[in-house]
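Working notes for the structure below.
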Amino acid sequence: MTVQQKDLPPATRGRFSSRLLSGGSEPDPRFTLANERTFLAWIRTALALLAGAIAVEAFTLELFVPEIRKTLSISLLALAMLISASASVRWLNVERALRHRTPLPLPALVPLLSMGGTLVTLVLIGFFVFRQA
C-alpha cells in the first residue's frame, strides 16, 4: 500500500447501496469485478436467447406451423427473462457473500438454463421427428 492510499479517507457508500448490500466489509475489488463479469456473461446469454426468439418468429415462417413457432419463441423469451432476473439476484447474493466472507451461494441459473434449453431442444426434436414430409 502506498502512502497516498493510506492518506485517503475510507470510501463511503450511499444509504441505498449500504442497505442493499447489508453491511460487511469491502471485498477485494478483483472479486467484485469478477462477480460483475459473471453477471454480464449471464446477461449476454439472455440477450442471445432473446435474439433467438426473434429469429424463430421472423425467419421460420415456412418451417414451423404457427403453434410450434409461437411456443418456441415464447419459451426462449421466458427463458431470457428468467435468466436476466436471476442474474441480478445472483450478483447481489454473491456480492453480499463476498462482503460477509461467507460461502458463495449455489448458482440457480445453471439448472434453470440447462432445463430450459433441454425443453426447447425436446420440442424441436419432437417437431422434426413427427413432422410429416
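None of the figures in this text is laboratory data; all of them are computed from the coordinates on show. Computed from a predicted model, the values in this text were never measured in an experiment. Counting neighbours? That spans all protein chains shown, and the Cβs are built from the backbone with ideal geometry, glycine included.
For this structure, a couple of remarks:
- For Pro105, neighbours were defined as the other residues whose beta-carbon sits under 15 Å from its Cβ, and their charges (Lys and Arg +1, Asp and Glu -1) total +3.
- Scanning the chain for trypsin sites (Lys or Arg not before Pro) in DSSP loops with at most 12 neighbouring Cβ atoms within 10 Å leaves 14-100 as the longest stretch between them.
- Expected-Rg normalisation [2.2 N^0.38 Å, Cα atoms] applied to the chain: 1.51
- Residues Ala55 and Leu112, FRET efficiency given R0 of 25 Å [Cβ-Cβ distance, rounded to 0.05]: 0.70
- The relative contact order of the range 63-133, computed from alpha carbon pairs under 8 Å that lie at least 6 residues apart in sequence, is 37 percent.
- Spin-label pair Arg19/Leu92, simplified geometry with 7 Å Cα→Cβ offset, distance in nm: 1.2
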